[in-house]
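The values are calculated or read from the model by the stated rules, or taken from the named source; none is laboratory data. Predicted model only: the values in this text are computed from it and were never measured. When we count neighbours, we look across all protein chains shown, and the Cβ atoms used for this are built from the backbone with ideal geometry, even at glycine.
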Amino acid sequence: DPSLLDNSFLAAKAYDPGQAALQQTHFPQLQPLDTAIAPPQAFAGVLSVIQKQYPRWKIVVSDPNRLHLEAEVESPIFHLDDDVAVEARPKGAGTAIETSSRSREEQSDLGVNAKRVLALEDARKAPR
């Protein structure tokens, strides 16, 4: 969701709306993660998963009041930086957790960002 990037350090990076169509074609499974957990607890859970399972992620913004998190991730091989944003939004009696990951480079990421989002969703769903 491009709106995740609206009020953040990521906003300075232009978003190409054409990417949404490509994402839906190649990664239709990328959808917000819906949970019955209240937004503050859902956000705390995502933050905990990131801190425990993703030590290479540098958290640059963690705002529990806005339920918003931003991180930088450096690729291990080429040392390129990617940006990640996570937001917990109220949805009915629960929460929709929206995650966005994008490369700072203009070239193709070979699906790395989509795989990162899916891996975080899988880790978040796993029993702890």
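Residue 84 meets the stated requirement of being within 18 Å of residue 119 (Cα to Cα) and among the hydrophobic types (A, V, I, L, M, F, W, C). Just one of (1) modelled with pLDDT of 85 or more; (2) more than 19 Å from residue 61 (Cα to Cα); (3) in contact with a helix residue (DSSP H, G or I) (Cβ under 6 Å, 6 or more places away or on another chain) trips up residue 123, so point out which. Residue 123 satisfies all of (1) modelled with pLDDT of 85 or more; (2) more than 19 Å from residue 61 (Cα to Cα); (3) in contact with a helix residue (DSSP H, G or I) (Cβ under 6 Å, 6 or more places away or on another chain) except (1).
Find the residue count for segment 31-86, including only residues that are of a type in the set (Val, Ile, Thr) and either assigned to a helix (DSSP H, G or I) or more than 14 Å from the chain's Cα centre (by Cα) (or both). Within segment 31-86, residues that are of a type in the set (Val, Ile, Thr) and either assigned to a helix (DSSP H, G or I) or more than 14 Å from the chain's Cα centre (by Cα) (or both) number 6.
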